[in-house]
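I have placed the structure first, in the form of structure tokens, so that the comments after it can refer back to it.
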Amino acid sequence: NGTIDPLLLEKSFNSILERHELLRSAIEYEITVQPRNVILKNRKIGFRSRDIRRQSAEQQKVSMDRFLKEDREKGFDLSRDPLIRLQLIQTGDEEYTLIWSNHHILFDGWGRGIILAELFQLYGDERFGRTRQLEEPEAYSTYIRWLEEQSREDAAQYWKNYLKGYKEKSGIPVNRKSGKTGDSGNREKVIALSRGLTRKLADLAARNHVTIHTALQSVWGVLLAK
């Protein structure tokens, strides 16, 4: 809600891409033996804006649903497409919907939160004429070099010592059907969490600086341990 300058929003997003080389990635996998992460010097974000204020509320919903369906079906060409794309849709004089699509190969939900915080900071600084306050980030290549310097042997030894004394794996009970070869009785269970519980999970994840996915994996681990 409010007034948005589409050109300034696009400029701010492109400033984010300039700050973080990872976001300018292309993944080349067709002409190389091993996939390569290629950092492009001048990649711009895939940004489009539309104004549908003249449409009725029902028409706007149809337009939104159609766009979301087409966007999902489009997917991403890892070696050619910008791996983040945005569509700013104006639905009222001071109402907008920003549809953000990115490939998970770039970052997770926690990373998206960092990018959004920087985006709002850059957009606000530019719009109100403030001096840019964000510090220069560490290059992704620096992280990769650090990662390559880590000892796999030391890590393996750490976990061997940590798990010392455990003699067997924790098995998950399986109810196997008789008489049907290959049918182990696997089933899918869909569980709907309440808004309140979902909010508590999000708060738990935020307090510990992890994603909700990590929080749920931890809950699952505790359950298996018990």
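Taking 24 Å as the cut-off for C-alpha to C-alpha distance, list the pairs among 44/74; 164/200; 74/200; 169/226; 11/41; 200/226 that go past it.
As for pairs spanning more than 24 Å Cα to Cα, those are 164/200; 74/200.
Which value, in debye to the nearest 20, gives the size of the charge dipole of the chain about its Cα centre, when Lys and Arg are +1 and Asp and Glu are -1 at the Cβ?
The calculated dipole for the chain is roughly 1080 debye.
So what are the ³J(HN,Hα) numbers for segment 113-123, from phi and the Karplus equation (6.51, -1.76, 1.60; θ = phi - 60°), rounded to whole Hz, Gly and Pro as x?
x, 5, 5, 4, 4, 5, 4, 4, 5, 5, 4
Percent relative contact order of the chain, based on C-alpha pairs within less than 8 angstrom and at least six residues apart?
Relative contact order, the chain: 18 percent.
What is the packing order of peptides 142-148, 25-31, 14-20, taking the mean over residues of other C-beta atoms within 10 Å and listing the highest first?
Top of the packing list down: 14-20, 25-31, 142-148.
Which value in Å is the Kirkwood Rh of the chain over different Cα pairs?
It works out to 22.3 Å.
Please report the antiparallel percentage of the DSSP beta bridges confined to the chain, to the nearest 5.
Among the beta bridges of the chain, antiparallel pairing accounts for roughly 65 percent.
When you count, for each residue, the other Cβ atoms within 10 Å and take the mean per peptide, how do 53-63, 116-126 rank with the highest first?
Averaged packing, sorted descending, gives the order 116-126, 53-63.
Please give the Cα centre distance for segment 12-28 versus segment 111-129, rounded to the nearest Å.
Computed from Cα coordinates, the inter-centre distance equals 15 Å.
Projecting each Cα onto the charge dipole of the chain (Lys/Arg +1, Asp/Glu -1 at the beta carbon, about the Cα centre), which of 142, 122, 166 comes out farthest on the positive side?
166
We did not get these values from a lab; they are worked out from the coordinates using the rules stated. Since the model is a prediction, treat every value here as computed from it, not as a measurement. Backbone-built Cβ (ideal geometry, glycine too); neighbour counts: all protein chains shown.
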